[in-house]
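Here is the structure we will look at, set down as structure tokens.
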There are 2 protein chains.
Amino acid sequence: MRVADVTIQDIAREAGVSKATVSRVLNNPYIVEIETRTRVEKIIKKRNYTPSASARNLSKRMSDTIGFVVPEIDNPFFCDILRAVSSAIDDFHFTLICCNTDDDMEKDLKALVMLKEHRVRGLLYTPAVDYRTEEERVHLVKILKEMETPVVIMDRHINIGDFDGIYFNDYQGMYNATKALIQQGHTKIAIINATLDRVLARTRRDGYIDALRDSGIEPEERYNVEGDYRMLKAYELSKKLLALKDRPTAVITCNNNTTLGFFKALRERNEQVPRDIVNIGLDMIKELDVMGYRMNFIERDPKLMGQKAYELLSRRMKDNKKPIKEVILDTKLHLYDI
Amino acid sequence: MRVADVTIQDIAREAGVSKATVSRVLNNPYIVEIETRTRVEKIIKKRNYTPSASARNLSKRMSDTIGFVVPEIDNPFFCDILRAVSSAIDDFHFTLICCNTDDDMEKDLKALVMLKEHRVRGLLYTPAVDYRTEEERVHLVKILKEMETPVVIMDRHINIGDFDGIYFNDYQGMYNATKALIQQGHTKIAIINATLDRVLARTRRDGYIDALRDSGIEPEERYNVEGDYRMLKAYELSKKLLALKDRPTAVITCNNNTTLGFFKALRERNEQVPRDIVNIGLDMIKELDVMGYRMNFIERDPKLMGQKAYELLSRRMKDNKKPIKEVILDTKLHLYDI
DNA sequence: CTGAAAGCGCTTACAG
DNA sequence: CTGAAAGCGCTTACAG
């Protein structure tokens, strides 16, 4: 394939030293005599020698790659996480392998196997699905354990135990948002969520329901709708919700795309927030904020999540004995008009 | 490091065959006798053996990775490209190494060196900067050539020749947009661009200026402003532009973030498009579209770019002798109210 | 159809 | 401070 990769052997020969010495110049220059070292370095530069990562990794029994697995790489939420992780790995000290799983279990597992083949040094992982059956969970944990590498679970707490993780406090966010609406006199509050096979959907619903009950309001089934966190589905659900006879006066939307779907449905009816109905969305939508669209939202900071995720991973890479650590990031409620 | 990776040797021993046979079962199962094959396969499964990518790559003198280098991974434009590339690589057939360079030459070069170490099988590359000096260009081309791997340049045509590439027809897009404004009677048309050390800024300016001149309008210096394609800078430039005594009646904004910066400045003045001033932006802004904000824009389809980029790469991986191919994707003008 | 052996390009004890 | 040698975990002609 490659015509003429220059190898460590070539450099050694040309410099009149052994491969071991060239290797030392590369990895541990100060143990090599200055004169030898500079001679070798000059030849490395001249021949434009670039060591082979495969050979190095194989020989060191240690890879230089980190796996990054997310379900939706083109969602600004995950983009921002990716960006923060990229920045945290300064100078390409590690190599980032990026996998998109489309919320698909099969792709998720394939990605993990691929990363296992690469013997990744660490894994930043947002599970594509919840792995709810016992069999699925056992299988997943087995794969993760067998990777024998630090793992940090991001955003979706699927309760497989024994792994570091970083999450937002979605429960509290939803609880506070719902409470705030109630305090403003709303009693008919809807939630556009996702189906409850997703842990985040369950958590968010719990926060919502608990807040209602704590205020003596019994949650109503028809105000509790479940999509898939994508815009199209949220849009369709919103249309139905808005067409109810006894419709809600406030709607909580459970992620950025859901909020957009809701707004789209609203617009088609020539209605507006907060004039015709009140909304609190989960996640800021930067573009709308810039436009002066003062939406109410529960803020989660994905860049912070990316940064902290990498910190957790580093910590674990340094010391595998430390106790499991789960970081819960607070959300913040931004209210303009409810 | 790793406690007990099971290797091909372990499988071979347990199956009572040679490593070569296990290797064949893995790579070329049908040349192995059915009985042997199934026995080996069973043990592979039982021991959960996962071959080492480093060892495989080293031995095959061929990597299974593809490099992806972009300047701004958290810009929806590049996110969409990444997503499309991910999808095009079906089933993780290749492993995607992802690098963000922040429009920084140093990071760009470091990324390339890192990818060279990994002996990537192909490279999808949007240069961080233009590499304008002869010295820089020679250096860059040297690095790219020495990677000895198919390269597809994306989006930024920096004229280093000899590489496949995929670009949008930004010139035509700008030309058409400017012409459309002129046809509506606008003569004072501004452009918020980036500094001309960027090829895309030059291309876009050319389209704009040529359209003006073709209509007998002499471009005015003060209507031609240059930022960095980020929102903050665009916002500041927009404020100045809008405050001019003899200000333009139409403004072309040269990427998504620039458009947002312009809108922000406009909003602060309590002005609106198209009532107070007309705008045509480059790139759709999905969130605004959903909100029914009928902005005028020059559409570029980043998903298409990602998909085609990967097609070009595949083509080149299959046959290194084919002539250089540059694909220019058309843009499409969407006008609602100018 | 299968195995023994060489080789991929490195690193790292070990010995000097 | 340096080199010879073994080894990392695979693949692949070669021979049978």
task: Within the stretch B:151-180, count every residue that is modelled with pLDDT of 95 or more and more than 16 Å from the chain's Cα centre (by Cα).
output: 10
- prompt: Can you tell me how many residues in the stretch B:22-45 are near DNA strand D (Cβ under 8 Å from one of its atoms), surrounded by 11 or more Cβ atoms within 10 Å (Cβ to Cβ) and among the polar types (S, T, N, Q)?
  reply: 2
- line: Among the residues of the stretch A:78-125, the number that are of a type in the set (Gly, Ala, Ser) and over 19 Å from A:Ser314 (Cα atoms) is 1
- request: For residues that are within 29 Å of B:Arg121 (Cα to Cα), among the hydrophobic types (A, V, I, L, M, F, W, C) and touching a helix residue (DSSP H, G or I) at 6+ places or on another chain (Cβ under 8 Å), tally how many sit in the stretch A:27-69.
  value: 9
- request: Name the residue, out of B:Ile217, B:Ile182, B:Ile191, that is more than 14 Å from every other protein chain (Cβ to nearest Cβ), surrounded by fewer than 17 Cβ atoms within 10 Å (Cβ to Cβ) and not aromatic (Phe, Trp, Tyr).
  value: B:Ile217
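Given the residues B:Ser59, B:Ser86, B:Ser63, B:Ser52, which is the only one that is more than 14 Å from DNA strand D (Cβ to nearest atom) and within 10 Å of chain A (Cβ to nearest Cβ)?
Sole residue among the options that is more than 14 Å from DNA strand D (Cβ to nearest atom) and within 10 Å of chain A (Cβ to nearest Cβ): B:Ser86.
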query: For the stretch B:144-157, which residues satisfy the criterion of being touching a helix residue (DSSP H, G or I) at 6+ places or on another chain (Cβ under 8 Å) and either among the polar types (S, T, N, Q) or under 21 Å from B:Glu311 (Cβ atoms) (or both)?
result: B:Leu144, B:Met147, B:Pro150, B:Val151, B:Val152, B:Met154, B:Asp155, B:Arg156, B:His157
- prompt: Restricting the stretch B:83-114 to residues that are touching a Gly at 6+ places or on another chain (Cβ under 6 Å) and of a type outside the set (Gly, Ala, Ser), which is farthest from B:Val129 (Cα to Cα)?
  reply: B:Val85
- prompt: Out of all the residues in the stretch A:293-304, is one or more polar (S, T, N, Q) and touching a His at 6+ places or on another chain (Cβ under 8 Å)?
  reply: yes
task: Return the only residue of A:Val85, A:Val69, A:Val120 being buried (at least 20 other Cβ atoms within 10 Å of the Cβ), modelled with pLDDT of 95 or more and in a loop (DSSP other than H, G, I, E, B).
output: A:Val120
task: Spot the failing condition for B:Val138; the list is (1) modelled with pLDDT under 95; (2) within 10 Å of another protein chain (Cβ to nearest Cβ), and only one is missed.
output: (2)
task: Take the stretch B:5-21 and flag every residue that is more than 9 Å from DNA strand D (Cβ to nearest atom) and either surrounded by 14 or more Cβ atoms within 10 Å (Cβ to Cβ) or closer than 18 Å to B:Lys60 by Cβ (or both).
output: B:Arg13, B:Glu14, B:Ala15, B:Val17
task: Just give me the residues in the stretch A:1-17 being at pLDDT 90 or above, more than 7 Å from DNA strand C (Cβ to nearest atom) and part of a loop (DSSP other than H, G, I, E, B), in sequence order.
output: A:Val6, A:Gly16, A:Val17
Qualifying positions in the stretch A:56-84 - within 16 Å of DNA strand C (Cβ to nearest atom) and free of Cβ contacts under 8 Å to residues at least 40 places away in the same chain: A:Arg56, A:Leu58, A:Ser59, A:Lys60, A:Arg61
message: So the check is Cβ under 9 Å with 6+ separation or different chains; which pairs have a first residue in the stretch B:13-27 that's within 14 Å of chain A (Cβ to nearest Cβ) and under 11 Å from B:Glu41 (Cβ atoms) and a second one that's more than 7 Å from DNA strand D (Cβ to nearest atom) and hydrophobic (A, V, I, L, M, F, W, C)?
response: B:Leu26/B:Val40; B:Leu26/B:Ile44
query: Checking B:Tyr125 against (1) within 18 Å of the chain's Cα centre (by Cα); (2) farther than 22 Å from A:Cys79 by Cα, which single condition isn't satisfied?
result: (2)
query: If you check A:Phe78, A:Phe92, which single one turns out to be under 20 Å from B:Phe68 (Cβ atoms) and either at pLDDT 95 or above or in contact with a His (Cβ under 7 Å, 6 or more places away or on another chain) (or both)?
result: A:Phe78
query: Which residue out of B:Arg294, B:Arg269 is free of Cβ contacts under 8 Å to residues at least 40 places away in the same chain, more than 9 Å from every other protein chain (Cβ to nearest Cβ), more than 18 Å from B:Pro76 (Cα to Cα) and surrounded by fewer than 22 Cβ atoms within 10 Å (Cβ to Cβ)?
result: B:Arg269
message: Any residue in the stretch A:309-338 that is at positive phi and not assigned by TED's automatic domain parsing to the domain that holds A:Val70 sitting within a Cβ distance under 9 Å of a residue that is among the aromatic types (Phe, Trp, Tyr) and modelled with pLDDT under 95? List the pairs, counting only those 6 or more apart or interchain.
response: none
Qualifying strands (runs of 3 or more DSSP E) (wholly inside the stretch A:235-338; at least 2 residues being closer than 30 Å to B:Arg269 by Cα): A:278-282, A:296-299, A:332-334
query: Within the stretch B:5-20, can one find any residue that is among the polar types (S, T, N, Q) and either in contact with a Phe, Trp or Tyr (Cβ under 7 Å, 6 or more places away or on another chain) or under 30 Å from A:Arg316 (Cα atoms) (or both)?
result: yes
- request: For the stretch A:184-203, indicate whether the set of residues that are under 14 Å from the mean Cα position of the chain (by Cα), within 24 Å of A:Val69 (Cα to Cα), hydrophobic (A, V, I, L, M, F, W, C) and not assigned by TED's automatic domain parsing to the domain that holds A:Ile324 is non-empty.
  value: yes
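The values are calculated or read from the model by the stated rules, or taken from the named source; none is laboratory data. In this text, all values refer to a predicted model and were calculated from it rather than measured experimentally. Every residue, glycine among them, receives a Cβ derived from its backbone with ideal geometry; neighbour counts consider all protein chains shown.
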